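**Student:** Structure provided below as structure tokens; questions to follow.
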Ligand SMILES: *Cc1c(COP(=O)(O)O)cnc(C)c1O
């Protein structure tokens, strides 16, 4: 086999389908969020407004978070110095795990190097170590959950997205005594819809199943204290295992799960992706700790965040630009074609200094390609004026779809 030819041919497939990924080469600028510098291919540097940030609340630049990280850097140094078991448990890890557990009203929490690793490790551990466990996974679950379920090798049922009747039917096929785990998310980040948590939990409880809830796109942003949709909906005590990231609204990096003492101790003791890796740097734990403490106390940030999202949805709709029916802070705009979606994104960047990454297959199904816009509390009205004018110009010039159905029928 000619290996180089093989790689080149598979990359060419991606280019042909308009699915080859190009990363914007950005430099974030403290104090200027959501503005950043963009290093272009021709060697110049352009100022851009970022509209697809997962640092949803700007906490990655918050002065208190930065200060906490500087203090930890000067006192504890750069790296953690080991795995958690072999000298790598820093006091900041312990404090952060306590803070996260108390935030979610759970007995205990456990840190991972990312949300991806948290999902993979927790699901693999439960699925491979609980004899006879069957997994029930929502069809739109994130790749990290799909891979965790798959690598656990536990038998699985994929239920229709958010459809608790389908979940009920599938759970009904198994005895009450069969161990079961229902795996789902609260906020689905590509469509911006929110799962009916109470209904899903009710069905799971009826069948004596455990629940595993990914709140990655909700922590920091929902509930009066910001611990997520389970808090907002008053059901967090009924969720068996809660999983989230510290890389999005918390603004740093890392992931975690929160649950009962025994369940957390079980994953701590058997989870390979927790045990066999160097722990997060103390600076990261200190920054996340400060960020969570801040977020717990500042509901006004969440109110402003929701207002910004609602305002942007209304303004785009007024321009006859097709916003998908999101009930969350995510503003997905339908394009429905991979090449046009990339073109729209390129033009926004090159002509208008607005950065919104195109979302194409395989992240979303073919025909539903979109621009996924994430306004933050730090996007001002003037930023929104600029974005809306740019989107209007591009929709006219590229003759992009004006409704979701019209585009799907093309
Ligand atoms: C981003 C994401 C993750 C992974 O979290 P990281 O901390 O970025 O690894 C997990 N689940 C969902 C739904 C996500 O969107």
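**Student:** Can residue 190 be described as within 23 Å of residue 116 (Cα to Cα) and more than 16 Å from the ligand (Cβ to nearest atom)?
**Tutor:** Considered against the rule, which asks whether it is within 23 Å of residue 116 (Cα to Cα) and more than 16 Å from the ligand (Cβ to nearest atom), residue 190 comes out as no.
**Student:** Could you list, in sequence order, all residues of segment 133-178 that are surrounded by fewer than 16 Cβ atoms within 10 Å (Cβ to Cβ), farther than 17 Å from residue 213 by Cα and either in contact with a strand residue (DSSP E or B) (Cβ under 9 Å, 6 or more places away or on another chain) or not assigned by TED's automatic domain parsing to the domain that holds residue 120 (or both)?
**Tutor:** Within segment 133-178, 155, 169, 173, 178 meet the criteria.
**Student:** Restricting the search to segment 1-39, which residues are closer than 30 Å to residue 60 by Cα and in contact (Cβ under 8 Å) with a residue 24 or more places away in the chain?
**Tutor:** Across segment 1-39, the qualifying residues are 19, 24, 26, 28, 30, 31, 33, 34, 36, 38.
**Student:** Failed condition for residue 122, given (1) out of contact with any helix residue (DSSP H, G or I) (no Cβ under 6 Å at 6 or more places or on another chain); (2) within 16 Å of the ligand (Cβ to nearest atom); (3) in a helix (DSSP H, G or I), with all others met?
**Tutor:** Tallying (1) out of contact with any helix residue (DSSP H, G or I) (no Cβ under 6 Å at 6 or more places or on another chain); (2) within 16 Å of the ligand (Cβ to nearest atom); (3) in a helix (DSSP H, G or I), residue 122 fails exactly one: (1).
**Student:** Looking at (1) closer than 22 Å to residue 58 by Cα; (2) surrounded by 24 or more Cβ atoms within 10 Å (Cβ to Cβ); (3) away from the ligand (no atom under 15 Å from the Cβ), find the lone condition where residue 224 falls short.
**Tutor:** Failing condition for residue 224: (2).
One line per residue, one yes/no per condition, for (1) exposed (fewer than 12 other Cβ atoms within 10 Å of the Cβ); (2) modelled with pLDDT of 95 or more:
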position: 2; (1), (2): yes, yes
position: 17; (1), (2): no, no
position: 20; (1), (2): no, no
position: 41; (1), (2): yes, no
position: 52; (1), (2): no, yes
position: 82; (1), (2): no, yes
position: 88; (1), (2): no, yes
position: 97; (1), (2): no, yes
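**Student:** Could we say that residue 306 is without any contact (Cβ under 8 Å) to a residue 60 or more places away in the chain, surrounded by fewer than 17 Cβ atoms within 10 Å (Cβ to Cβ) and in contact with a strand residue (DSSP E or B) (Cβ under 7 Å, 6 or more places away or on another chain) here?
**Tutor:** Considered against the rule, which asks whether it is without any contact (Cβ under 8 Å) to a residue 60 or more places away in the chain, surrounded by fewer than 17 Cβ atoms within 10 Å (Cβ to Cβ) and in contact with a strand residue (DSSP E or B) (Cβ under 7 Å, 6 or more places away or on another chain), residue 306 comes out as no.
**Student:** Further question on the same structure: With a cut-off of at least 3 residues that are under 16 Å from the mean Cα position of the chain (by Cα) and free of Cβ contacts under 8 Å to residues at least 60 places away in the same chain, name the helices (runs of 4 or more DSSP H) lying wholly within segment 127-223.
**Tutor:** 143-152
The values are calculated or read from the model by the stated rules, or taken from the named source; none is laboratory data. Computed from a prediction, not measured in an experiment: that's the story for all the values here. Counting neighbours? That spans all protein chains shown, and the Cβs are built from the backbone with ideal geometry, glycine included.
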